[in-house]
1. Cα extents of region 370-574 along the three principal axes, largest first, in whole Å?
2. Hey, can you grab everything whose amide H is under 5 Å from the amide H of HIS574? Only 5+ residues off in sequence or another chain; H modelled, so Pro and N-termini drop out.
3. State, to one decimal in nm², a quarter of the convex hull surface area for the C-alpha atoms of the chain, i.e. the direction-averaged projected area.
4. Arrange the following residues from fewest to most other Cβ atoms within 10 Å of their Cβ: THR407, THR521.
5. In bins 10 Å wide, starting from 0, what share of all Cα pairs of region 9-112 does each bin hold, as a percent?
6. Treating the beta-carbon of each Lys and Arg as +1 and of each Asp and Glu as -1, no other charges, what is the dipole magnitude of the chain about its Cα centre, to the nearest 20 debye?
7. Give me, ordered by chain and number, the residues 5 or more places off GLY283 or on other chains with an amide H under 5 Å from its own placed amide H.
8. So for the chain, averaging the separation of alpha carbon pairs under 8 Å that are six or more residues apart and normalising by length, what relative contact order in percent results?
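Where a number appears in this text, it was derived from the coordinates with a stated rule and is not lab data. What you see is a predicted model; the values in this text were computed from it and never measured. Glycine gets a Cβ as well: all are built from the backbone with ideal geometry, and neighbour counts include every protein chain shown.
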Amino acid sequence: MSQTKKQLKKWIAIANGETPADTVIKNGQIIDVFNLEIIKGDLAIVDGMFVGIGTYKGEQIIDAENRYICPSFIDGHVHIESSMVTPAEFSKVVLPHGVTTVITDPHEIANVSGTDGINFMLDNSKNIPLDVYFMLPSCVPATSVENSGAELTASDLEPFYNHPKVLGLAEVMDYPSLRTAADSIIDKITMTSNYSMQMDGHLAGLDPDAINVYKAAGIRTDHECNTVEDAKERLRRGMYLLIREGSVAKDLKSLIPVVNHNNARRCLFCTDDKHLDDLIKEGSIDHNVRLAIEYGLGPLTAIQMASLNAAECYGLKQKGAIAPGYEADFLLLDDLCSINIKEVYKSGQLVAREGVYASTHLKEKDPGPMLQKTVRIPELNKKDLQIPIGTAKTANIIEIIPNQLTTNHIKETVDVENSFFVPSIERDQQKLVVIERHKKTGNAGSGIVKGFGLKDGAIATTIAHDSHNIVATGTNDTDILRAVHELELMNGGLVLIRKGEVIASLPLTIAGLMSDQGFHTVETSLLQVKHALGVLGFQGGFNPFLTLSFLTLPVIPALKMTDSGLFDVISFQHIEVSL
């Protein structure tokens, strides 16, 4: 935050106690995230900044009533699009949960709409009481083995580096290109380094040699760990460890044991991908903090990870602490176990109380027709979805792992009619289809998935990481085709079909990823979708739509599906379904 000479003199006078502050907080227990202690004193605030701890007078007094004064939380890595609402609506959801700053990667919308999508996210984040910082998408498309709606080169990204909310380059997930030093990724890394900005990693399933490659390239973070040993290897090589707890990837319980007195300052939290209903019900980073405490981490260490560590990781020098020279983003907590948030303040102003958003927004920018007409597919029929099966009647199958992004590669006997695969409820084998939806190419990849447990019908969505084509799964071709057609009519979203009829849906008209409606409306539709899953016989302890959306991500092992067919991530090549 830049200061004028006049402003600086004003701050010093207030810090000295010579002039009343704008606001003074009294009767609070201040959480000192530098020493992990609780201290006492008045807090002086001016122009949205803390300028002193001591004894002060102010124009406005906030009586903390002996509550804990806690730095607000920072989400170290989040895709706002996964909440299915715009940044402005997203802020209304996470602010009551104590999150006043997020580091977002808009690669979801960028894979659909390129720079138009990034500009929309930047514009929609203006004039809201949530600080939204951006890491620019490094992999659009994520790989060369699928078809997305856009391609972003280093020259496409460079103009954004002058934006005050851009911090660097987002998760580098195309490891084969990084390992071989392909110009496509090296140009982006070199450009980012020239601007002295941050770079995030994406090391899913990779060994220590790969960590060496990432660190040699100047990439400092990873959020894709799910074992203690993986986490230690990253910490040993000087990486920041982002401990993720999202809607699908729930790694916190597995990773918290790695955090100790010696390495805690290199650890922080993120949500990555979290659906709106989970954000409302569980929370955001506040949920991570609660879980960390529940699993044995000290409350002050957990809070330090959620605030100061995240701020320092991303170079946000005036965020993350209750101390002079830091932004007055803070929470009033009833206790240090439940992390019950009484009030949330952004720049010294109240933005949420008792779990309810309490601020105002300016009018949001209209996304425009380019972002609202993004589902383009040719006419399809059952022949387009057929999967030939050989005489052995065995196949390569994607087996989902509940609440994980990784999958298993299994081989099983399948049911066959007229030499083509037939879904089996008894074997829990469903058809999985990915259809290119950006350029009307007609590409349709089909395979077999195990683990959803549907007894009837089909589900489909235009949220399909990272290229965001249409992905559908079901017990019969008729319902799968009906689901695909309905998504085209809706301009994207989520849909459930049973016996050829729509039983629930959620339109996501902005790039097929986000709703143009308020978060309460979206939440209502999501609850209807969740209820309708039971009608299809779903009984799993995971979110099937989120799980479905990650079955198309060909950079996370072991088997995934693209619009070009079944993809073996380990060998990094397409393979036949039939053995």
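1. On the principal axes, region 370-574 reaches 51, 34, 31 Å in Cα extent.
2. The answer is ASP568.
3. Reported value for the Cα convex hull: 25.3 nm².
4. Values: THR407 25, THR521 14.
Listed from fewest to most nearby Cβ atoms, that is THR521, THR407.
5. The distribution over region 9-112 is 14, 32, 26, 19, 8, 1, given as percents.
6. Values: 52 positive and 72 negative charges, 133 e Å.
Dipole of the chain, to the nearest 20 debye: 640 debye.
7. Sorted by chain and number, the residues that satisfy this come to none at all.
8. Numbers: 1431 pairs, mean separation 86.7, N = 579.
Reported as a whole number, the value is 15 percent.
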